[in-house]
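Enquirer: Please see the structure below; I have some questions.
The values are calculated or read from the model by the stated rules, or taken from the named source; none is laboratory data. What you are looking at is a predicted structure, and each value in this text was computed from that prediction instead of being measured. Virtual Cβ from ideal backbone geometry, glycine too; neighbours counted across all protein chains shown.
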Amino acid sequence: MVREPLLAGAYVSRSTMAHTLETLTPGTPVFCGDTHVGDVVALYSEGHARLPALIVVHWTYGGRTDDVAVPTDEVESVSDRGVELMQIEPEQYANLATFDAARFPTVHPL
């Protein structure tokens, strides 16, 4: 099942969602539906932007235990519970790239 985004276009303007992403802290839990899949490690922006483009997540679901790059357009919402990703099935994120700063030369940490 694919969920529709709650805040379409959140990254086009200075929306509440974008501002909330900017304030995420390391250790914030990340969920796919009811499944805790990992925790936020860091936020990265693209080029000279100050809005997050990637969330580095220490992925702990399904035997995977590495840091992965999650594009912020995959975030459905951010709440007191943590980060909710768009897909409710963690397997739909099986192909996320392992985060290595050298593989992402145009991003920088926030």
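Enquirer: If I ask for residues that are more than 14 Å from E74 (Cα to Cα), surrounded by fewer than 21 Cβ atoms within 10 Å (Cβ to Cβ) and not charged (D, E, K, R), which ones from the range 24-39 would you list?
Expert: Result: L24, T25, P26, G27, T28, P29, T35, H36.
Enquirer: Right, another one. May I ask you to verify whether L85 is modelled with pLDDT of 95 or more and either under 15 Å from T25 (Cα atoms) or hydrophobic (A, V, I, L, M, F, W, C) (or both)?
Expert: yes
Enquirer: From the set of residues in the range 37-64 that are assigned to a loop (DSSP other than H, G, I, E, B) and in contact with a strand residue (DSSP E or B) (Cβ under 7 Å, 6 or more places away or on another chain), which is nearest to Y93 (Cα to Cα)?
Expert: Within the range 37-64, the first condition is being assigned to a loop (DSSP other than H, G, I, E, B), and the residues that meet it are 47-51, 60-64.
From what's left, in contact with a strand residue (DSSP E or B) (Cβ under 7 Å, 6 or more places away or on another chain): 51, 60-61.
Details: L51: 22, T60: 12, Y61: 10 Å.
Ranking the candidates gives Y61 first.
Enquirer: Among the numbered criteria (1) of a type outside the set (S, T, N, Q); (2) buried (at least 17 other Cβ atoms within 10 Å of the Cβ); (3) modelled with pLDDT of 90 or more; (4) not in a loop (DSSP other than H, G, I, E, B), which single criterion is violated by A18?
Expert: Of (1) of a type outside the set (S, T, N, Q); (2) buried (at least 17 other Cβ atoms within 10 Å of the Cβ); (3) modelled with pLDDT of 90 or more; (4) not in a loop (DSSP other than H, G, I, E, B), only one is false for A18: (3).
Enquirer: I would also like to ask the following. Can you name every residue in the range 65-110 that is among the basic types (K, R) and assigned to a helix (DSSP H, G or I)?
Expert: Of everything in the range 65-110, just one residue is among the basic types (K, R) and assigned to a helix (DSSP H, G or I), namely R103.
Enquirer: Identify the single condition in (1) in contact with a Leu (Cβ under 6 Å, 6 or more places away or on another chain); (2) at pLDDT below 95 that V68 does not satisfy, given that it satisfies every other one.
Expert: Of everything listed in (1) in contact with a Leu (Cβ under 6 Å, 6 or more places away or on another chain); (2) at pLDDT below 95, V68 misses just condition (2).
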